[in-house]
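Data block below; observations after.
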Amino acid sequence: MEAVVIAPRTKSDLRFILDFAKRIGVSAHTISSDELSDDRFISLIEAGLQTPSVSRNEVMEALSE
């Protein structure tokens, strides 16, 4: 499943979009900009956890450069 993020400029635009989604039977939720930032950080961390492992020596060499 995919999602669309829409950032309305005004509260009335937000209400319009939520009402429209409800009328067409689409699930819609509001999140704060802080929550959106948190989700972005989580996805970056998860991507970093999927990178290959490196040895301690490689890390120490990279830090000494």
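Take the Cα of Val4, step 7 Å toward its Cβ, do the same at Ala47, and the gap between the two points is 2.4 nm.
Whenever you get a sec, compute what percent of the accessible area on the chain sits on carbon and sulfur atoms (1.4 Å probe). Roughly 57 percent of what the probe reaches on the chain is carbon or sulfur. What number, rounded to the nearest 500 deg cm²/dmol, is the helix-based mean residue ellipticity at 222 nm of the chain, given -39500 (n - 2.57) per DSSP H run of at least four residues and division by all its residues? So the helix-based figure for the chain works out to -19000 deg cm²/dmol. Once P(r) over Cα pairs in 5 Å bins from 0, in percent is calculated for the structure shown, the corresponding label among [x] 3, 12, 14, 16, 13, 9, 7, 7, 6, 5, 6, 2; [y] 3, 17, 21, 17, 13, 10, 7, 4, 3, 2, 1, 0; [z] 4, 19, 29, 27, 16, 5, 0 turns out to be [x].
Computed about the Cα centre, the dipole magnitude for the chain is approximately 580 debye when only Lys and Arg (+1) and Asp and Glu (-1) carry charge, each at its Cβ. Taking all protein chains into account, the per residue accessible area for the chain stands at 101 Å² (1.4 Å probe).
The values are calculated or read from the model by the stated rules, or taken from the named source; none is laboratory data. Everything quoted here is computed from the prediction, not taken from an experiment. All Cβ positions, even for glycine, are placed from backbone atoms using ideal geometry, and neighbour counts span all protein chains on display. Accessible surface is based on the protein model in full, side chains and every heavy atom, while ligands, DNA and RNA are left aside. Shrake-Rupley method; radii C 1.70, N 1.55, O 1.52, S 1.80 Å.
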